[in-house]
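The values are calculated or read from the model by the stated rules, or taken from the named source; none is laboratory data. If you're wondering where the values come from, they're calculated on a predicted model, not measured in any experiment. As a convention, Cβ positions derive from the backbone with ideal geometry for all residues, glycine included, and neighbour counts pool all protein chains shown.
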Amino acid sequence: MVERVWDDLDEEQMKGVGFRSNRVKAESFPDITWEHSHVVTDESGAIKTFCIYQAPNPDMIREHARLLGDHHIDNIYEIGGDITPGDFPI
């Protein structure tokens, strides 16, 4: 999971980022799979995303981010598993 902080972009610019991200991935990083992203606004109003990717290594994700631009990565986490409330029935 990639935690990103975006530059001051409006909603239309953020849509463009998604298209550009897919293009950069297709052209330069075919081994990366972008599954989905959660978009949030933090307390200061900054746009952050938590993006779920599959990639051979974190350096590939960082290089994709460098080419994409308009943001920085705060953290990259390896997901150890998933749980839901259904896993803990009452």
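General observations
Here's the yes/no breakdown for (1) at pLDDT 95 or above; (2) surrounded by 13 or more Cβ atoms within 10 Å (Cβ to Cβ); (3) in a strand (DSSP E or B); (4) touching a helix residue (DSSP H, G or I) at 6+ places or on another chain (Cβ under 9 Å):
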| site | (1), (2), (3), (4) |
| --- | --- |
| Phe19 | no, no, no, no |
| Val24 | yes, yes, no, yes |
| Asp31 | yes, no, no, yes |
| Ser44 | no, no, no, no |
| Ile52 | yes, yes, yes, no |
| Pro56 | yes, no, no, no |
| Met60 | yes, yes, no, no |
| His64 | yes, yes, no, yes |
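- Residue that is exposed (fewer than 10 other Cβ atoms within 10 Å of the Cβ), touching a residue at least 40 places away in the same chain (Cβ under 8 Å), at negative phi and of a type in the set (A, V, I, L, M, F, W, C), where the choices are Ile79, Ile83: Ile79
- Summed over the stretch 39-72, residues that are touching an Asp or Glu at 6+ places or on another chain (Cβ under 7 Å) and touching a residue at least 60 places away in the same chain (Cβ under 8 Å) total 2.
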